[in-house]
Structures are given as C-alpha cells and as structure tokens.
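Visitor: First the structure, then my questions, so here it is.
The values are calculated or read from the model by the stated rules, or taken from the named source; none is laboratory data. Note that the structure is a prediction, hence the values are computed from the model and not measured. Cβ atoms come from the backbone with ideal geometry, glycine included; neighbour counts cover every protein chain shown. Ligands, DNA and RNA are stripped out before the accessible areas are found, and what is left, the full protein with its side chains, is counted by its heavy atoms. Shrake-Rupley method; radii C 1.70, N 1.55, O 1.52, S 1.80 Å.
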Amino acid sequence: MASYSRAAQQWATFARVWYLLDAKMQPPGKIAAATVIRLEGRHKPIYHALNDCGDHVVIINTRHIAFSGNKWEQKVYSSHTGYPGGFKQVTATQLHLKDPTAIVKLAVYRMLPKNLQRRTLMQRLHLFPEDVVPEDIEKNLLQEIPQPRAVPKRLDEYTPEEIAAFPKLWTP
C-alpha cells in the first residue's frame, strides 16, 4: 500500500506549477509556442482537452524581444473599433513602444485554442517588461523554461583571449 492517500496524489497531479521564461533576445512566436504548452497543460501525462490542468507562466524581459529580418517595420497589427472608419493598423515598433508586453501577449493569445478556455488560460500568463517580478509571484516560481533560441554574445562580452583565438579569414 502507498504511503500517501489517493486525494493527495490527485492534488499533486493537478497542482499548478509556476514557470519562468526569459524572453530576452527571443522571437515572440517561439516564446508563445513554449508558453502555450505549459498554459494548457500539454506537458503533463494527464492532459485532456476538457481538463483544466494548465500551469502559470511568468515571462520576463518582454521589452527585449527580437524579431528576425525587418519585421519591426513590416509586421502590422490590425484592430477594428466596430464603428465606420474604425480600422486601426499599428506596426510592431509602434505597438512595442506603447506597451512592451503587448506583442508577446498577442502572440500567446492568438496561439491558444479559440474556445471558452482561452480567457481562463490568459489569466495564468504574467508578463513583465523587465526582469523585476513582484515578491508574491516570485515566491511561487518553481521551474524555469529553457530559452527556445540560444542568445548570441555581444562583441564586448568576448574576452581578449577569445578574440585572439578566433580564426582569421584574411590578414591585413
């Protein structure tokens, strides 16, 4: 016989875990893909589409996301007020300057299933533009989701030894 009760096992199985994801230098689509899996609970062996077994996800550094190519100027977010002439279009740069968390929030929202659970799942998403997280949320964090893309080092982060050891393509 097990040393724990069936109720305790069920509670531990369905307990909501808090995950941390650092969005620095990450594409919003890859952040959203990793987040949606945790929000829906698809990473759990007990997942079922009708069960609400998803976890909380805290995303930090949304101000420092990265788009590839020229998407900051070419990607357009559209909305409509419902009134005549109420069609609004905003580029990714304009939206990001207005609200640094909006691009990641929209990416996650659009990647979630289009049903009645979407609003409930979005309540478990916590976005912060910098790496400052309130204490009441920080004490709940249990695991960190690995970044989807390796962050490249900046040139000033290399040591002089690494620069000297770097292969030279041509000598001046």
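Visitor: Quick one: if you stick a label point 7 Å off each Cα along the C-beta vector at Asn140 and Arg118, how many nm between them?
Guide: 2.3 nm
Visitor: So between Arg110 and Ala66, what do we pick up on full extension, going 0.36 nm a residue minus the alpha carbon distance?
Guide: Value of the extension gain: 14.0 nm.
Visitor: Which pairs in the list Lys75/Lys114; Lys75/Lys168; Lys75/Lys139; Lys88/Lys153 are over 29 Å apart, alpha-carbon to alpha-carbon?
Guide: Lys75/Lys168; Lys75/Lys139; Lys88/Lys153
Visitor: Right, next: Using a Gaussian network model on the chain with a 10 Å cutoff between Cα atoms, which of Pro28, Pro160, Pro113 fluctuates the most?
Guide: It is Pro160.
Visitor: Please list 3J(HN,Hα) in residue order for the stretch 66-71, calculated via the Karplus relation 6.51 cos²θ - 1.76 cosθ + 1.60 where θ = phi - 60°; whole Hz, with x for glycine and proline.
Guide: 10, 9, 8, x, 9, 5
Visitor: Give me the percent relative contact order of the chain, please, defined on Cα pairs under 8 angstrom at least 6 residues apart.
Guide: The normalised contact order for the chain reaches 31 percent.
Visitor: Same structure again: Using R₀ = 35 Å, calculate the FRET efficiency as 1/(1 + (r/R₀)^6) where r is the Cβ-Cβ separation of Ser79 and Glu130; round to 0.05.
Guide: With R0 = 35 Å, the Cβ-Cβ based efficiency is 0.85.
Visitor: How far is helix 28-40 tilted, in degrees, relative to the longest principal axis of the Cα atoms in the chain, given as a value from 0 to 90 rounded to the nearest 10?
Guide: So the helix axis and the longest Cα principal axis differ by about 10 degrees.
Visitor: Given a 1.4 angstrom probe, I'd like the percentage of the accessible area of the stretch 13-169 that is carbon and sulfur, rounded to a whole number.
Guide: Exposed carbon and sulfur together represent 57 percent of the surface.
Visitor: Within the chain, what is the longest stretch that has no chymotrypsin sites (Phe, Trp or Tyr not before Pro) placed in a DSSP loop and near at most 14 other beta-carbon atoms within 10 Å?
Guide: Within the chain, the longest run free of exposed chymotrypsin sites (Phe, Trp or Tyr not before Pro) spans 48-157.
Visitor: Additional query: Classify the chain as rounded, prolate or oblate from the Cα gyration tensor: take a ≥ b ≥ c as the square roots of its eigenvalues, call it rounded if a/c is under 1.5, otherwise prolate when a/b beats b/c and oblate if not.
Guide: Note, shape of the chain comes out oblate.
Visitor: Keeping every protein chain present and rolling a 1.4 Å probe, give me the accessible area per residue for the stretch 25-172 in Å².
Guide: 68 Å²
Visitor: Can you pull the accessible area of Glu135 for me, 1.4 Å probe, Å² to the nearest 10?
Guide: The accessible area comes out at roughly 150 Å².
Visitor: As a test of reading the structure, rank Val90, Val104 by solvent-accessible area (1.4 Å probe, protein chains only), most first.
Guide: Val90, Val104
Visitor: For the stretch 75-172, state which trypsin sites (Lys or Arg not before Pro) are in a DSSP loop and have at most 15 other beta carbons lying within 10 Å of their beta carbon.
Guide: Within the stretch 75-172, the qualifying trypsin sites (Lys or Arg not before Pro) (loop, at most 15 other Cβ atoms within 10 Å) are Lys114, Lys139, Arg149, Lys153, Arg154, Lys168.
Visitor: Using the 2.2 N^0.38 Å rule of thumb for compact globular proteins, work out how the stretch 27-69 stacks up: its C-alpha Rg over that value, please.
Guide: 1.39
Visitor: Something else: On a 1.4 Å probe surface of the protein chains, which of Ile46, Ile137 comes out largest in accessible area, and what is the full order?
Guide: Largest accessible area first, the residues go Ile46, Ile137.
Visitor: Pick from Leu50, Leu112, Leu121: which residue has the top mean-square fluctuation in a GNM of the chain where Cα pairs under 10 Å get a spring?
Guide: Between Leu50, Leu112, Leu121, it is Leu50 that shows the largest mean-square fluctuation.
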